[in-house]
Structures are given as C-alpha cells and as structure tokens.
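The values are calculated or read from the model by the stated rules, or taken from the named source; none is laboratory data. On a predicted model such as this, the values are computed, not experimentally measured, just so you know. Cβ sites come from the backbone with ideal geometry, for glycine too, and all protein chains shown count toward neighbours. When the accessible area is computed, the model is the full protein with side chains, heavy atoms only, and any ligands, DNA or RNA have been set aside. Shrake-Rupley method; radii C 1.70, N 1.55, O 1.52, S 1.80 Å.
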Amino acid sequence: MKPEVEEIWRWLDAVPDPEIPVISVVDLGIVRDVAWQGETLEVAVTPTYSGCPATTVISLDIETALRDRGVKDLRIRTQISPPWTSEWLSDKGRARLLECGIAPPRAAGGPEHCPRCRSTDVVRVSQFGSTPCKAHWRCKDCLEPFDYFKCI
Amino acid sequence: MERDAAYFEFLCRMGDNALVLGHRVSEWCGMGPVLEEDIALANIALDLIGQTQMWLGLAGEVEGKGRSADDLAMLRDVWDFRNLLLVEQPNGDFGQTMMRQFLFDAWHLAMLRGLEQSSEPRVAEIAAKAVKEITYHVERSADTVIGLGDGTTESHARMQNALDLLWPYVGEMFAADAVDEMMAAEGIAPDLAALRQGYDGEVARVMKAATLSIPESGFAHKGGKSGFQHSEHLGHMLTQMQWLQRAYPGAAW
C-alpha cells in the first residue's frame, strides 16, 4: 500500500538538516514537492546554495529515512528553479533557529536582535559564516558572537 | 559554426570561469589574512564550484559524448579550457585577489542578469540561481576594494598596483567573437558590448570611492575564452587541481 503524501511530508519533517540539526529539511524549505508517479515516489529537492556541501548528504538522509519507512521505489530529483529563498523557512524553523542561538533571516538584511540577550545593538563581523547559509554577527551588549541566517 | 557547437563552447566558458576562479580563491583556504576573510573566501569559492557543476553538467549534456562535469573539469588539458585570462591570474597579495574578484564579479553579475532572460530555459534557471550568490559576492568585493583603496598609504599603493596589473584583462570580457555573436543572435546570451556601459559605470563608481585611478589604456589581452593562448599560469594551476584524477583515474570518496 502506498503511504499518503501528507504522511510522507510528516516523515520528512523528522529529517534534520545535517548542518543545522535543530531544523528539519522541510523547515528549511528545500523539499519542494512529494508526489507519486505511478509506483515511484518522487521527491523534489532544491539546493540552498549551489555549492552547499550538505546537498548530497541531505538527499542521502531523505532516501534513508523513506526507505526505513518502507518506501522501496524512490527517486530524488534536484530542482534549481525557482531558486531557493530564505523566505521558504517555516515559522517553526525560524523559532527553532532563534532558540538555538541563530538569528533568523529578515528582509531588512540583518538580525532583529541578539538571539541570546535580545539587545538590538548588534554588528556584522563578516558577510560569511560557518556554513554558506549564515553570516557572522556580534552583540555589543552581551559581547557574544552569533550566527545570522542570511537572507537571499 | 553550428549552433550546438557554439552553445557547448559558451557553456564551457561560463563553467570554466567559475571553476578556475573558484580554484584560485580556494588556494587561500587556511591562509587568509584573518579568520573571517579566510572563511569568506572559502564560501565564495564554494559558490563558484557549485555553479561550475551546473554549467559544465549542462555542457556535457549538450555535447552528447557522455562527459560529466567532473570529466570536463578534471580531464581536459589547458588548451581546452575556455575561461577568461583574468580569472587564471595568480592570487598575488590579498588586495590583488580582491581586485581580480571585483573586476570579475561586476561583469559576472551583469552577464548572469542577461542570462536570466535566456531563450534556453536551462540557462535561465542556472543564471537565476547564480545571480543571488554573485549579488552577495560583488557587494563584498566592492566594499573591500573601497576599504583597501581608501585605506593606508601602503594598502592604497597595493590596490593601485593591482588595478594597473589587472586592467588589461578586462577587455576580453566584452570582446565578442563568433561564439558570442551566435549566442546573442539565438537569444541564449546577452550582447557583450551592451554590458560594457553599465560595467564601466559601476567600476568608475567603486574606484572613485576607493580613490584609485583607472588606467587610460584600453589595451586588452585576449585568447583565454577562445583557448587560443592562455597565460602560463593556467597550466601550473591545472597540475595541482587535476593531479589526483590524473594520478588515480576515477578515484572517488
């Protein structure tokens, strides 16, 4: 029996992002489509950044999770259009990022406040950070550095 | 020249620019002047290598001889590379690396914006993905050129030297040959000459803020994108970049 697509989305929402494991691949907005093509389950995945080294790991993690649930006939399709945007992060994902000390992306181009002490007196250290999707910021009140999820 | 042959050449040009510059920038990994710059350079290199995979992957499909992006990157020799001479130039000091980056980024962004309108949907898709990343790159490379140019006496002098050294490589980006003309006629790529005015305006803006003088000579070194005559530096770079696949064919991990 083929599991329902809604059920599969729930399974995928339990697959953590390998570099930011506090959010799922669904929270990240990179799972673009889940559909049965006859007897084959097709999952469309879009990369966040074109060179993100986590992309192949993510595809492997999705495949492993679905096979563990008994999906035998599976195809993962890489879809680059429309290009991924940080607007596709779920509200749940944004809240989880903040809880874990990563400032979520904002259209204004910078973090709303320090994820630790909530001070708005923050400064950018570098446009780039520990992964392609993050930049490096610092709080001028509690003096702690923190990651900011870039807005693209 | 047939359309598909020109199309393949064009895709190799886009892919090889990203590949060669990506490799050059990655040479800084572990050697950046400060940790933040080291990480930034590695991230930029990563974006470029990711874009390479898309361009050369498509090139391999268009060619139809079963060559993958990896085959094209690792198993072609220097005369088959189609990158601009600018991107193969050595890193020099950090300022020279950032000057090369800005001069290329400004052209790359204009080119990719044109390619977003390509009559080939696959080209438009890759461009739409890459344009987001390159917009971010040029913001940083422009800021760094300004910061160092309008910096200390020493940093200013080094940036002026870098601009004097690299300026003769700018012209090749806009010099259309038969491949470029066919791409423009087919609506696959923008007319290169039409990109020049916007580029000159952007470079003039940044160099003014950086207190640097753009050389007056319009002399342009050519021969990179046609593969006619690369500078000696590319071959040296390839011996390092391709060494593992040459020594251990098919090695994977």
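Between helix A:54-68 and chain A there is an angle of about 40 degrees, using the helix long axis and the longest principal axis of the Cα atoms.
When chain B is treated as a Gaussian network with alpha carbon springs shorter than 10 Å, the biggest mean-square fluctuation among B:Ala204, B:Ala127, B:Ala42 belongs to B:Ala204.
Rounded to the nearest 10 square angstrom, B:Leu19 shows an accessible area of 10 square angstrom against a 1.4 Å probe.
Think of each Lys and Arg Cβ as +1 and each Asp and Glu Cβ as -1; about the Cα centre, that makes the dipole of segment B:3-247 roughly 100 debye.
Secondary structure note: in the protein assembly as shown, about 70% of the DSSP beta bridges are antiparallel. For A:Ser119, nonlocal amide neighbours, meaning residues 5 or more places apart or on other chains whose placed amide H falls under 5 Å from its own, are A:Cys114. Backbone amide hydrogens, once placed in the peptide plane, bring A:Phe146 within less than 5 Å of A:Trp137, A:Arg138, A:Cys139, excluding anything fewer than 5 places away on its chain. When nucleic acids and ligands are ignored and a 1.4 Å probe is applied, B:Lys225 ends up with an accessible area of around 20 Å². Legend: distances between Cα atoms for B:Lys129/B:Lys208; A:Lys134/B:Lys132; B:Lys129/B:Lys222; A:Lys92/A:Lys150; B:Lys65/B:Lys222; A:Lys150/B:Lys132; pairs beyond 19 Å are B:Lys129/B:Lys208; B:Lys129/B:Lys222; B:Lys65/B:Lys222.
The mean count of C-beta atoms from other chains within 10 Å of the C-beta of residues in B:128-141, rounded to a whole number, is 3. For the chain pair B and A, the interface hides roughly 1900 square angstrom of accessible area in total, found with a 1.4 Å probe. For GluC sites (Glu not before Pro), the sites in segment B:194-253 that DSSP calls loop and that have at most 11 other Cβ atoms within 10 Å are B:Glu216. In terms of its C-alpha gyration tensor, the protein assembly as shown has an oblate overall shape, because the principal axis ratio a/c (a ≥ b ≥ c, square roots of the eigenvalues) is not below 1.5 and a/b does not outweigh b/c.
Which percent of the accessible area of segment B:179-237 is formed by carbon and sulfur heavy atoms (probe 1.4 angstrom)? Answer for segment B:179-237: carbon and sulfur cover 53 percent of the accessible area.
Within chain A, the longest segment free of exposed loop sites, counting GluC sites (Glu not before Pro) that fall outside DSSP classes H, G, I, E and B and have at most 12 other Cβ atoms within 10 Å, spans A:40-152. I need the phi-derived Karplus couplings for segment B:71-79: 6.51 cos²θ - 1.76 cosθ + 1.60, θ = phi - 60°, integer Hz, Gly and Pro marked x. With coefficients 6.51, -1.76 and 1.60, one gets 4, 5, 6, 9, 10, 8, 9, 4, 6 Hz. As a fraction of the 1.4 Å probe accessible area of segment A:5-84, surface on carbon and sulfur atoms comes out at 51 percent. Neighbouring Cβ atoms from other chains, within 10 Å of the Cβ of residues in B:42-48, number 5 on average. Here the sum of -39500 (n - 2.57) over DSSP H runs of 4 or more residues, divided by the residues of the protein assembly as shown, equals -16000 deg cm²/dmol at 222 nm, to the nearest 500.
A:Val122 exposes around 30 Å² of accessible area when a 1.4 Å probe is run over every protein chain in place. Using the Cβ of B:Arg140 as centre and a radius below 15 Å, the other residues enclosed give a net charge of -4, where K and R count +1 and D and E count -1.
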